[in-house]
Amino acid sequence: MFLIPRYLFRQLFATMIAVAGVLVLIFMSGRFIKYLGEVAAGKWAADIVLAIMAYRLPQFLELILPLSLFIAILLAYGRMYLESEMVVLTACGMSRTDLVLKTFVTALPVMVLVGWMSLYVTPAGMQKVDELFVEQSRKTEFDMLAPGRFQTLRTGGRVTYTEALSEDRKVLSGVFISEKDRQRNSLSVVVARRGTQYIDPETGSRFLILHEGQRYEGKPGQADYKVIEFAEYGVKIADAPAEVRNPRDEAIPTMQLLSAEDLKSQALLQWRISIPLLVPIVTLLAIPLARVNPRQGRFFKLLPAMLMYISYLGLLIFARKSIEKGRLAPELGVWWVHLLYLGIALVLLYGEDVRMWLKRRQSHAPA
């Protein structure tokens, strides 16, 4: 009794996991490279990159899983049509409605998972990401130093380099500091054998005390520069002002959106509900689109199906933006897009049956 649903579930689940893995790797690697570039520029510390990627993973998965299920149905059922497995199942008494119901055995858990991430997990994760960014913005230039790397201060006026850094981050070896004075159009370069951190007990100000080095100051291209040798030289470490960040839309809790009346919040709430609604509708779309014959090949309908999926998602984004700008009533919202593609799915599924039924009725009608 459960042999066919179990077989279909295995086919869809294995294909969906494979497709989702590839898509996650593509999307996450692009974001990971972006964050590594910001770390290399000294904007963030390297130890928060993996945490940010983990917190942002649900945001990627909520969009990747519906697409992965859609592609999985196209590939798995397309293969079964080519190898005549669907013909055998139909001969055994499985109707199109039975196939839809058995496919929803896989689609409904995916829908629940996507809804959970869209409504709760993603906002909570994005709140953590914002907290990490605010915490990083409070760190000083000294806190962001990494050995063996030239690092630019956030203002862009100072470049710092150290060959080595102690584990407690209090002692630097082989220090190089280049600072530009834009008002006088001059450049100063400080080179020291080592450096230590000092905190003034009265004011709390932080200084980098450089030992055994030289300071060069002058204007680029001119020979009248100054050279100062020192035993100790103090450089003030400016306290980084706490960055004020408005919570991004993705970080607003869903319960807060339920009580909000502004158009932007209503559009965001409808978008979050729309993501899990994608799953059953694209499932209904994929089942008839997966039907191919051996002459067409397994991937014959893959491109048209992907274009339909992209148009579906694009219309949802368009409807969301239209609600935010007041061009579309929130009562109509994004729901018309779902109803439109649900209608297309039902026509693709049962349009031929309805047409044949009407034709039979006309042929049996009295003249």
Qualifying residue in region 1-12 (condition: closer than 25 Å to Glu131 by Cα and either among the β-branched types (Val, Ile, Thr) or outside the structural domain of Leu289 (by TED's automatic domain parsing) (or both)): no
Test set (1) in a loop (DSSP other than H, G, I, E, B); (2) surrounded by fewer than 16 Cβ atoms within 10 Å (Cβ to Cβ) - Trp44 fails condition number: (2)
Breaking point among (1) surrounded by 15 or more Cβ atoms within 10 Å (Cβ to Cβ); (2) without any contact (Cβ under 8 Å) to a residue 40 or more places away in the chain; (3) more than 23 Å from the chain's Cα centre (by Cα); (4) within 23 Å of Leu99 (Cβ to Cβ), for Val347: (1)
Cross-chain or 6+ apart pairs with Cβ under 9 Å, region 185-214 first and at positive phi, then outside any loop (DSSP other than H, G, I, E, B) and among the basic types (Lys, Arg): Glu212/Arg193; Glu212/Arg194
Residues that are farther than 18 Å from Leu36 by Cα, more than 27 Å from the chain's Cα centre (by Cα) and at pLDDT 75 or above, drawn from region 115-160: Arg158, Val159, Thr160
Verdict on Ile33 being assigned to a helix (DSSP H, G or I), within 24 Å of Val112 (Cβ to Cβ) and without any contact (Cβ under 8 Å) to a residue 60 or more places away in the chain: no
Selection count, region 181-221, where residues are assigned to a strand (DSSP E or B), at pLDDT 80 or above and basic (Lys, Arg): 3
Selection count, region 1-25, where residues are at pLDDT 90 or above and hydrophobic (A, V, I, L, M, F, W, C): 12
Pick from region 246-280, criterion surrounded by fewer than 17 Cβ atoms within 10 Å (Cβ to Cβ) and of a type in the set (Lys, Arg), ranking: modelled with the highest pLDDT: Lys264
Where Ile17 falls short, out of the listed (1) surrounded by 19 or more Cβ atoms within 10 Å (Cβ to Cβ); (2) within 17 Å of Phe104 (Cα to Cα): (1)
Exclusive hit being in a helix (DSSP H, G or I) and at pLDDT 85 or above, set Leu89, Leu65: Leu65
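Residues being under 17 Å from Thr254 (Cβ atoms) and touching a Ser or Thr at 6+ places or on another chain (Cβ under 8 Å): count how many of those fall in region 97-117.
Count: 0.
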All positions within region 50-101 that are among the acidic types (Asp, Glu) and under 18 Å from Met28 (Cβ atoms): Glu62
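The values are calculated or read from the model by the stated rules, or taken from the named source; none is laboratory data. Here the structure is a predicted model, which is why all the values come from computation and not from measurement. Glycine gets a Cβ as well: all are built from the backbone with ideal geometry, and neighbour counts include every protein chain shown.
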